[in-house]
Amino acid sequence: MPEKLALYFVRHGQTYLNKNLRMQGWADTPLTPEGSNKVRESGRGLSDTEFVAAYSSDLHRTIATAEILLHENKHGFGLQLEPRKEFRETFFGSFEGEKSDVAWNEIARANGYASQEDFFAHEDVRGMMNATKKADPTGDAEDFMTFWTRVEQGFLHVINRHRDTGGNILIVAHGNTIRNIVHELEPSITESFVLDNASVTVLVYEKGLFKVERLNDISHFTAE
């Protein structure tokens with residue numbers, strides 16, 4: 001019988017665009033000092049977890065986060081990180097780098113909502129992505145199907161490679177990417193949620209089924 005496969009999704013550490021409350025999808029800025037420190041705290045809390053493989057998106061902020069986590073891990077020496085573009089964040093098109101409040105209010109109004117609060121109250125993660133595509137005057141933003149087709153390819157690559165042997169897999173990705181994976185594969189989780197930087201979400205694959213064991217967990221953070 002195959003061993004249990006546990007996917008440890010970690011959101012990247014805080015970046016300068018995060019700190020300044022700006023839209024960040026494919027736009028990429030470095031981790032802040034505070035962001036790096038929080039990743040180290042997360043890594044120390046995961047230091048006893050033995051990973052058999054490590055993946056990230058191909059953006060700098062996730063690669064930097066994964067490298068810190070592996071450095072803090074007692075079993076991480078020699079484990080080769082595999083960056084994959086499929087695990088990138090949503091592409092927000094012309095809204096990349098815009099102040100989040102400005103962008104979401106513009107997206108909300110373009111879709112018939114009075115405010116971003118009204119928009120968030122009525123749209124799920126799929127609807128938010130499709131609405132962003134509709135509101136983007138350049139048409140470059142990803143809609144849900146474009147995004148999910150991309151992410152699913154990377155996800156299936158990991159599952160097909162490791163489902164027979166099992167073990168713990170580290171995947172460093174982005175808030176929206178992880179959130180959509182959870183919503184698509186664990187239908188019992190219907191509520192919307194926001195992931196903290198460096199938080200851990202564990203999705204277990206066993207007997208063909210997925211189950212969330214940890215969601216947006218920061219309880220393991222260990223300060224120096």
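Classified by the C-alpha gyration tensor, region 100-224 has a prolate form. Its axis ratio a/c, with a ≥ b ≥ c, is 1.5 or above, and a/b is larger than b/c. Residues whose amide H lies under 5 Å from that of GLU82, counting only those 5 or more places away or on a different chain, are ALA54, TYR55, SER56; hydrogens are built 1.01 Å from N in the peptide plane. Near VAL151, once Lys and Arg are set to +1 and Asp and Glu to -1 for all other residues with Cβ below 14 Å from its Cβ, the sum equals -1. Filter the GluC sites (Glu not before Pro) in region 16-74 down to the DSSP loop ones having no more than 14 other Cβ atoms within 10 Å, then list what survives. Hits after loop and neighbour filter: GLU50.
Loop-located chymotrypsin sites (Phe, Trp or Tyr not before Pro) across region 76-138 with a Cβ neighbour count of 12 or fewer within 10 Å are PHE77, with loop assigned by DSSP. Sort out for me the Cα centre separation of region 1-64 from region 144-167, rounded to whole Å. A separation of 18 Å, based on Cα centres.
Summing Lys and Arg as +1 and Asp and Glu as -1 over all other residues whose Cβ lies under 13 Å from the Cβ of ASN180 gives a net charge of -3. Over all other residues within a Cβ to Cβ distance under 14 Å of LEU70, the charged ones net out to -2, with Lys and Arg as +1 and Asp and Glu as -1.
Among ARG179, ARG214, the order by Cβ neighbours within 10 angstrom, fewest to most, reads ARG214, ARG179.
The average projected area of the chain, computed from the convex hull of its Cα atoms over all directions, is 11.8 nm². Take the Cα pairs of region 94-141, get the Kirkwood Rh, then feed it into Stokes-Einstein at 4 °C and 1.567 mPa s and tell me D in µm²/s. Reported coefficient: 124 µm²/s.
In order along region 197-211, the phi-based Karplus estimate (6.51 cos²θ - 1.76 cosθ + 1.60, θ = phi - 60°) of 3J(HN,Hα) comes to 4, 6, 6, 10, 10, 10, 10, 9, 10, 8, 6, x, 10, 10, 9 Hz; Gly and Pro are listed as x. Of all DSSP-defined beta bridges confined to the chain, some 50% are antiparallel rather than parallel.
Pairs from the table (LYS99/LYS133; LYS85/LYS207; LYS38/LYS74; LYS134/LYS211) lying more than 25 angstrom apart at Cα are LYS85/LYS207; LYS134/LYS211.
Phi angles across region 77-82 convert, under the Karplus curve 6.51 cos²θ - 1.76 cosθ + 1.60 with θ = phi - 60°, into 3J(HN,Hα) values of 4, x, 7, 7, 7, 10 Hz, Gly and Pro given as x. Rounded to the nearest whole Hz, the Karplus-based 3J(HN,Hα) values (6.51 cos²θ - 1.76 cosθ + 1.60, θ = phi - 60°) of region 69-76 follow the sequence 4, 5, 5, 7, 7, 5, 10, x, with x at glycine and proline.
Readers should treat all values here as calculations from the given coordinates under stated rules, not as data from a laboratory. Quick caveat: nothing in here was measured; it's all calculated off a predicted structure. As a convention, Cβ positions derive from the backbone with ideal geometry for all residues, glycine included, and neighbour counts pool all protein chains shown.
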